[in-house]
Amino acid sequence: MDLPGPIHDFLLVFLGSGLILGGLGVVLLTNPIYSAFSLGLVFVCISLLYIPSNSHFVAAAQLLIYVGAINVLIIFAVMFMNGSEYYKDLNLWTVGDGVTSVVCTSIFASLITTILDTSWYGIIWTTRIKPNYRARFDK
């Protein structure tokens with residue numbers, strides 16, 4: 001799909017933010033039904049990311065398989081479980097949650113540091129095929 005640059009960038013930012021917010025909803029929401037719906041949002045955003053790269057069949061297949069089958073199966077499985085057991089304990093913050101948040105924050109900080117310290121300009125130029133190199137193998 002040939003989209004103008006600003007529209008393509010807006011679409012990628014919009015779908016990327018939907019992925020991030022949906023992923024956070026899956027992890028942070030305590031109600032499993034809401035988590036399953038957030039997972040559906042993640043699946044929809046992933047399938048919509050295939051459309052700008054002209055992969056319409058993959059987008060449709062992913063939408064049908066993951067949102068139409070897997071996510072519906074997860075929602076039915078959660079609804080069949082006993083829902084009252086999720087609200088017996090209202091401990092909002094435990095020791096395991098603190099340890100997990102410290103580990104995840106340190107991994108996130110190291111990833112951001114690595115991304116900012118990487119010279120992306122050198123990586124882009126080293127992956128290009130030189131015209132002379134291809135001409136030697138055409139004989």
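Read-outs throughout are calculated quantities, based only on the coordinates presented, and are distinct from any laboratory measurement. Please read these numbers as outputs of a predicted model, since none were measured by experiment. Using ideal geometry, Cβ is built from the backbone for each residue, glycine included, and neighbour counts are taken over all protein chains shown.
R0 = 30 Å: FRET efficiency of residue 103 with residue 31, Cβ-based, nearest 0.05? So, using R0 = 30 Å, E works out to roughly 0.75.
The shape of the range 1-77 comes out oblate: with a ≥ b ≥ c from the C-alpha gyration tensor, a/c is at least 1.5 while a/b does not beat b/c. Backbone phi angles across the range 42-51, fed through the Karplus curve with coefficients 6.51, -1.76 and 1.60 (θ = phi - 60°), yield HN-Hα couplings of 4, 4, 5, 5, 5, 5, 6, 5, 6, 5 Hz in residue order; Gly and Pro are listed as x. Karplus-derived 3J(HN,Hα) values for the range 66-76, using 6.51 cos²θ - 1.76 cosθ + 1.60 with θ = phi - 60°, are 7, 6, x, 10, 5, 5, 5, 5, 5, 5, 5 Hz; glycine and proline are entered as x.
What ranking do 50-57, 22-29, 108-115 get when scored by the average of other Cβ atoms within 10 Å per residue, highest first? Provide the component values of the computation, followed by the final result.
Values: 50-57: 13.1, 22-29: 14.8, 108-115: 9.8.
Packing proxy ranking, top to bottom: 22-29, 50-57, 108-115.
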